[in-house]
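A short reminder: the numbers here are calculations on the coordinates, not readings from a lab. Note that the coordinates shown come from a computational prediction; the quantities given were computed from them, not determined experimentally. Positions of Cβ are generated from backbone atoms using ideal geometry, with glycine treated the same way; all protein chains shown enter the neighbour counts.
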Amino acid sequence: MTSSAVNDTLRSDLEAERDELARRLEELTADGAAAPDFDENFADSAQVAAEQGENLSLAAALRDQLTDIEGALSRLADGTYGRCLECGDQISEARLEAMPATPYCINHA
C-alpha cells in the first residue's frame, strides 16, 4: 500500500473512531455535562452520587480521547503525523499501530 493509501485508511479509521466517541459522549451528556436519567427520589442517594461521579469521569475520558483523535487528524492534515511533539523524532510504527492517536514517542509518553 502506498503512503497515501495508508494515510487515507488511517484518516478513515480515526474519523470513524472520532464519530463513535462523539456519539457515546452525546449519549452520556446533555448540554456538555453528564446528565443520565437518575431518579432523584431514589432511596440510596449515595448510589446515585457514585453513578453520577462515574459518568462524569467517563465523559471526561471520552473528551480526552476525542481531543487526541482530533489532534491526530490535524497532524495528518499538516504532514506532522508520526512525529513526537516533544522531540520531533519518528514515533515507532508499532506504537502508532497500537495507539494511532498518540502524539508522543515511547520516551516522552
Show the residues, 5+ positions off or on another chain, whose built amide H is closer than 5 Å to the amide H of Arg83. Ile91
If I model a spin label at Gln47 and Glu26 as a point 7 Å from the Cα along the Cα→Cβ vector, what separation in nanometres do I get? 3.1
Below 13 angstrom from the Cβ of Thr67, what's the summed charge of the other residues (Lys, Arg +1; Asp, Glu -1)? -1
Quick one: if the Förster radius is 22 Å, what FRET efficiency do Thr80 and Ala60 give, using the C-beta to C-beta distance and rounding to 0.05? 0.25
For Asp89 and Ile106 in the same chain, what is the full-extension length gain: residue separation times 0.36 nm, less their Cα-Cα distance, in nm? 5.1 nm
For the chain, what does the convex hull of the Cα positions come to per residue, in cubic angstrom? 120
Structure-based [θ]222 nm, the chain - -39500 (n - 2.57) summed over DSSP H runs of at least 4, per residue, nearest 500: -21000 deg cm²/dmol
